[in-house]
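The structure appears right after this line, and notes come after that.
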Amino acid sequence: MAVEISTGLIALGSGLAIGLSAIAAAIAEKEIGAAAVGAMAEKEELFGKGLILTVIPETLVIFGLVVAILILNLAKGA
Amino acid sequence: MLSPHKMSSAIITGPNHVQEAVIRELHNLKILHIVEHSKNELADIGKPMESAARLSEILVKIRAMMASLGIKKDETKFELKRSLAETESTVKKLNEEAGMGIEELKELDEQLSKMRAMRQEIEALKEINVPLENFTQYRELSYFTGYIKNKKLPFLKQEIQRITDRFMLFDSIAKKKAFIALFIDAKHQEKAGEALQKAGFSTVNLSNISSLRGNAAANLKKTNDEIEKLQNKRKSLMKSQEKLAKEYKGFLIASDKFLSEQLEKAEAPLKFASTQSSFLIKGWIPDDQLSRSIERLNKASRNKIFVHFEPAKKHDKVPVKLKNPKLVKPFEFFMDLYSVPSYKEIDPTFFIFLTFPIFFGIMLGDVGYGAVSLALFWMLRRKMPKAKNFLNILILASFVTILFGIIFGEFFGKEFINPMISREHEMFTLLYLAIAIGIVHVNIGLVIGFINELKSHGLMHAIYAKASWIILEVGVAMLALTYFGKIAISPILGAAFLGAALLMLIKGEGFIAPIEVLGLLSNILSYARLMAIGLSSVILAVIINDSAKEFFHQGGFFVLIGILVLIIGHAINIMLGLLGSFLHSLRLHYVEFFSKFFHGGAKKYQPFGTME
């Protein structure tokens, strides 16, 4: 199955979009998560708020995914 | 629904001699949320009843015993004779019986750990032919015992020889390291220490075996025998303790509960205001229970008390008891998890009830997965009555999942009917749908925020702070539509809306507010996860199905592997799907939705007598 190089590049681009945004979200969540667990150890009622704070950077991945899909759509158009 | 139970503040006051009767009645009623009095110049806090000290003393004994006998609280049934004297005497008897065992056990454990330490030291000396009594204190002689690496041994000998030739070095070589015992003239102790350090020596302290004599092997056997004897003794002791624990488990749990209740009553006056001959209790009672409670309190105290009550005022810190119909009630769990809404604002539980299962359903959206999770949570609900609310939410969400499964036409990732929207192939339709849901949801939030502000700060502030967001959205929408040529109006109109909205925002929420405009955009885009989580779950399911199909094609033994792939793959995907759908649905409410209106931070209504 021969694929044009431009299609390959588009696929790479969309892979980068989601991969990099996932790494970014992971780095952010790592620190928030650690702090949230620390806070919960002191006060257990903070679970709800800790959970929320921890998943806030998750949005980054969602944006990454949307961008990835948009890029993939370019490939279809081309 | 939408607002909590109406509360009235109540002040109960009376002479000291009816205090106990009032406390008893309040404990039965379980209706008054007591506001603790703090000491001021007018009145001190009350004194606990006389029985409090005795009660807590017995309670401490009971709890200590439960801890050391390893008894956990559960629903064991036990008929307790609810008399304090009898409970106390049984506890005392039990304490003597079990207490001895506990002491003995502690002693045994101590001996055992000492013996084990000794064994370790003897084992190190086993291969060295030096009687144990030689390792004692000398005046003219000092010795070192410990490990060094095998290959360092010649180096060490050389070093020591350089210091003096009046020494004895014993060694036993094992795999990598050698155990050595070095006896040397006390004069050279310091230099020898330095040499040893250079050779990477690690000391073994022989302090535990200073009383032993004779050769190591015999001592080792003796110690081993001793340890075994102790262990056997410990085992039989444990068995008798276990028997004791089994026998008295019900009694201990029941009396713990009974005494805790008594103690709560006895210590209640600590929350009251008191003078020399009277007491005063402040608290909150739900309006619909007010007249009944006052009647019963008056009866219990033979009309010796006075109760003053009035409805909550604007700045009162009212404890909140949420009011919702039975179907919506489980969703109050989410409010407990986050923060209890304050008395004056709209209780969002009903809105969570409306949208949470839908979001969950869109994300999981598969008839098969929905059915599996439904069965799972149904079973769990019977097993874990404590998590009932939480599981009820998930059961409802599973139903909606099946519903969306039919809309998406999915059964374990396979399209079993013609879908209305295919999640696998119509990504963009679903993406736009998700964003549209986001716009609606966020705007519902803004409307609730508007009503909250209207109630607490008046119309103008509500318009500036909340309605301005909606005007802003209209402005942006108009600009976008004119840009794409969908409607034929001047772009100035859209810009005017936008500008006006920004000005109102600055007036309503301060100069920092316009920065939040980007936040609103990201909030709405965040709803794209409704499509994204679902998409990833579908793709994973399709991959699992495809790889299983490969195995099925090969036939024979591979069919079995194919079935295994299907079961394990879908089980993992269901776990991931449940976790993701739950967390992300919850997050859309907590972050995107609540940030538009929610204040929270109220105290939960917890009437006297319901403390755990």
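Bear in mind these aren't lab numbers, they're just calculated from the coordinates by the rules spelled out. As the structure is a prediction and not an experimental result, all values here were calculated from the model. Reconstructed Cβ throughout: ideal geometry from the backbone, glycine too, with neighbour counts over all protein chains shown.
Observations on the model:
- Across the alpha-carbon set of region A:22-77, the Rg to Rh ratio works out to 1.24, Rh being the Kirkwood radius.
- Taking a point 7 Å out from the Cα of residue B:164 in the direction of its Cβ, the residues of region B:125-149 whose backbone N falls within less than 17 Å of it are B:136-145.
- Karplus-derived HN-Hα couplings along region B:404-414 (A = 6.51, B = -1.76, C = 1.60, θ = phi - 60°), whole Hz, x at Gly and Pro: 5, x, 5, 4, 7, x, 10, 9, 6, x, 9
- Rg/Rh (Cα only; Kirkwood hydrodynamic radius) as it applies to region B:301-439: 1.18
- Tilt relative to chain B, helix B:51-68 - C-alpha long axis, 0 to 90 degrees, to 10: 60
- Placing unit charges on the Cβ atoms only, positive for Lys and Arg and negative for Asp and Glu, gives the protein assembly as shown a dipole magnitude near 1280 debye about its Cα centre.
- Quotient of the Cα radius of gyration of region B:1-142 and 2.2 N^0.38 Å, N being its number of residues: 2.04.
- Couplings 3J(HN,Hα) for region A:19-35, derived from phi with the Karplus relation 6.51 cos²θ - 1.76 cosθ + 1.60 (θ = phi - 60°), are x, 5, 5, 5, 4, 4, 4, 5, 4, 5, 5, 4, 6, 5, x, 4, 5 Hz, where x marks Gly and Pro.
- Projecting the Cα positions of B:400, B:444, B:461 onto the charge dipole of chain B (unit charges on Cβ atoms of Lys, Arg, Asp and Glu, taken about the Cα centre) puts B:400 furthest along the positive direction.
- Inter-chain neighbour count for A:50-61: the average number of beta-carbon atoms from partner chains within 10 Å of each residue's beta-carbon is 4.
- Using the rule -39500 (n - 2.57) for each DSSP H run of four or more residues, divided by the residues of the protein assembly as shown, the 222 nm mean residue ellipticity is -21000 deg cm²/dmol.
- Restricting region B:252-302 to trypsin sites (Lys or Arg not before Pro) in coil, as DSSP defines it, with at most 13 other Cβ within 10 Å: B:302
- Counted by Cβ distance under 12 Å from residue B:174, the other residues give a net charge of +2, where Lys and Arg count +1 and Asp and Glu count -1.
- In this structure, the amide hydrogen of residue B:312, modeled 1.01 Å from its nitrogen in the peptide plane, lies closer than 5 angstrom to those of B:7, B:9, counting only residues at least 5 positions away or on a different chain.
- Partners for residue B:157 among lysines (Cα-Cα distance below 20 Å; same-chain residues under 8 apart left out): B:149, B:175, B:176, B:177, B:187, B:191, B:198
- Set of aspartates and glutamates with alpha-carbon distance to residue B:323 below 20 Å, sequence-local pairs under 8 removed: B:287, B:288, B:332, B:336, B:345, B:347
- Fraction of C-alpha pairs exceeding 38 angstrom in the protein assembly as shown: 63 percent, rounded to a whole number.
- A run of chain B free of exposed loop cleavage sites, with chymotrypsin sites (Phe, Trp or Tyr not before Pro) counted only in DSSP states other than H, G, I, E and B and at most 14 other beta carbons within 10 Å, reaches its longest extent at B:139-415.
- The magnitude of the dipole of chain B, with charges of +1 and -1 set on the Cβ of Lys/Arg and Asp/Glu and taken from the Cα centre, is near 940 debye.
- Look at the dipole of the protein assembly as shown built from charges on Cβ: of B:330, B:580, B:195, the Cα furthest out on the positive end belongs to B:195.
- Chain B: proportion of alpha-carbon pairs further apart than 49 angstrom, %: 49
- Cα gyration tensor shape for region B:118-218, rounded if a/c is under 1.5, else prolate or oblate: oblate
- Centre separation in Å (Cα based) which lies between region B:536-560 and region B:260-280: 69
- Chain B - percent relative contact order, Cα under 8 Å, separation 6 or more: 21
- Only Lys, Arg, Asp and Glu carry charge here, each on its Cβ (+1 for the first two, -1 for the last two); on that basis region A:22-77 has a dipole of about 300 debye about its Cα centre.
- In sequence order, region B:140-156 has phi-based couplings of 9, 10, 10, 9, 10, 10, x, 10, 9, 5, 3, 6, 8, 4, x, 4, 5 Hz under the Karplus curve 6.51 cos²θ - 1.76 cosθ + 1.60, θ = phi - 60°, and Gly or Pro positions carry x.
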